[in-house]
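Enquirer: Okay, here's the structure, questions in a sec.
Bear in mind that the values in this text are calculations on the coordinates, not laboratory data. Keep in mind it's a predicted model, so treat the numbers as computed, not measured. Please note: Cβ atoms are built from the backbone with ideal geometry, for glycine as well, and neighbour counts cover all protein chains shown.
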Amino acid sequence: MPLYRCYGCRTEFEAAKPVCEACGMDASANPRDKDMVVRLTVIHFDPPGRRPGVGLNHAACDASIKLGAPKCQFTSEPVAVTCPKCKESDVYKAADGESGGPSEAFLAKPVRAAKAAKTNDCGGC
């Protein structure tokens, strides 16, 4: 099921449609709200290893999900993690305590997609 972030009430949730469970904001019903409930890419947490800067190369939520798995994104930065299961892991909670988690300013700022430039220099496509 897709993962969404609601900037109206600052929650993340899984749902079939972009309708916030907490505040009821419906991005599909009102075009003005389309930037307020955004679909997130699931980004897993790569737990730190014994050497600084080198992770264990697997997801914190499931060690069988390895770095480089198709359609899987990883990060060692707790602030960038969106996977709900990784966020529940003890290793993530320990690392998130060090980083402080996302700031209120970050969560309050809506994410807007950049418009593609209309140029003809795309390498022949």
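Enquirer: Once amide H atoms are placed 1.01 Å from N in the peptide plane, what residues at a sequence separation of 5 or more from Gln73, or on another chain, have their amide H within under 5 Å of its amide H?
Expert: Excluding prolines and chain starts, which carry no amide H, the hits are His44.
Enquirer: Going toward the positive end of the dipole of the range 3-108, with +1 on Lys and Arg Cβ and -1 on Asp and Glu Cβ, which of Pro78, Leu67, Val42 do you reach last?
Expert: After comparing all options, I get Leu67.
Enquirer: While we're here: In whole percent, what relative contact order does the range 3-108 give with Cα contacts below 8 Å and a gap of six or more residues?
Expert: That works out to 21 percent.
Enquirer: What is the gain in length, in nm to one decimal, between Asp35 and Asp62 on full extension, counting 0.36 nm per residue of separation less the C-alpha to C-alpha distance?
Expert: Details: separation 27, 0.36 × 27 = 9.72 nm, distance 3.14 nm.
Here the segment from Asp35 to Asp62 would lengthen by 6.6 nm.
Enquirer: Let me ask something else. Sequence-distant or interchain residues sharing an amide H contact under 5 Å with Leu56, placed H: which?
Expert: Residues meeting the amide H criterion: Gly49.
Enquirer: Right, another one. Sort His44, His58 by Cβ crowding within 10 Å, fewest neighbours at the top.
Expert: His58, His44
Enquirer: Moving on to the next point. Quick one: Cα convex hull volume of the range 3-108, Å³ per residue?
Expert: Given the Cα convex hull of the range 3-108, per-residue volume reads 110 Å³.
Enquirer: Just want the ordering: Arg10, Arg51, Arg39, from fewest to most Cβ atoms lying within 10 Å of their own Cβ.
Expert: Fewest to most other Cβ atoms nearby, the residues stand as Arg51, Arg39, Arg10.
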